[in-house]
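Presented below is the structure to which this report refers.
No value in this document is a laboratory result; all are computed from the given coordinates. Quick caveat, the model's predicted, so the values are computed rather than measured. Heads up, the Cβs are rebuilt from the backbone with ideal geometry, glycines too, and the neighbour counts pull from every protein chain shown.
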Amino acid sequence: MRAPAASHRSPGVYVLAGGLVAGSFDIVYACTFWAIKRHASPERILQSVASGLLGKASFDGGAATAALGLFLHFFIATSMSLAYWLVARRWPLLWQRPVPCGVFYGLLLYGIMNHIVVPLSAFGPASKDPLWIGMSIAVHMFLIGLPIALVTSRVRTGLRTED
């Protein structure tokens, strides 16, 4: 039995898949970068995500705050995927040209996350490490924005092309 065509699946499947793929790439990158640079454990990286909500107290919470960080991380990634899909419903260029649009979306996400979300959170000052910043920009473009756009481009039903 063949799997149903992409257009027959719920858009929610693609939104979730986009968030899971992008979130997985992003967290693997962060854990790998900081393990190499500062010997930071994955638990510490996930606690740093939770610190956006809890502040420095997240580093005293052990596995519980690491789990919260993991949940928050994938919630944010899935929200990014949902936002792309919602806009693509009205602006078909986003699913018709997923590569350039996804790369641009990733750059936009980097700017929003690092110049609006993180400064407004309880995280504290962001890293000023030039290698981290450069790599993070590339990761947002090619491992977050692009996968979200590519997965979203698989959704064809329910997209509005008129207006």
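Some points to look at:
- By the count of other C-beta atoms within 10 Å, a proxy for reagent exposure, Ser81, Ser153 are ordered fewest to most as Ser153, Ser81.
- Across the chain, C-alpha contacts under 8 Å between residues 6 or more apart give a mean separation that, scaled by the residue count, equals a relative contact order of 35 percent.
- Summarised as an ellipsoid, the chain has semi-axes of 31, 17, 14 Å, derived from the eigenvalues of the Cα gyration tensor scaled by 5 and square-rooted, with the largest first.
- Once C-alpha pairs closer than 8 Å and six or more residues apart are averaged by separation and normalised to the residue number of region 1-83, the relative contact order reads 36 percent.
- Crossing angle, helix 130-139 versus the chain [Cα axis fit, 0-90 degrees, rounded to tens]: 20
- Taking other C-beta atoms within 10 Å as the exposure proxy, His73, His115 rank His115, His73 from fewest upward.
- For the chain, the longest principal axis of the Cα atoms and the long axis of helix 11-38 meet at an angle of about 30 degrees.
- Extended-chain gain in nm, criterion 0.36 nm per residue less alpha-carbon gap, Val118 and Leu86: 9.2 nm
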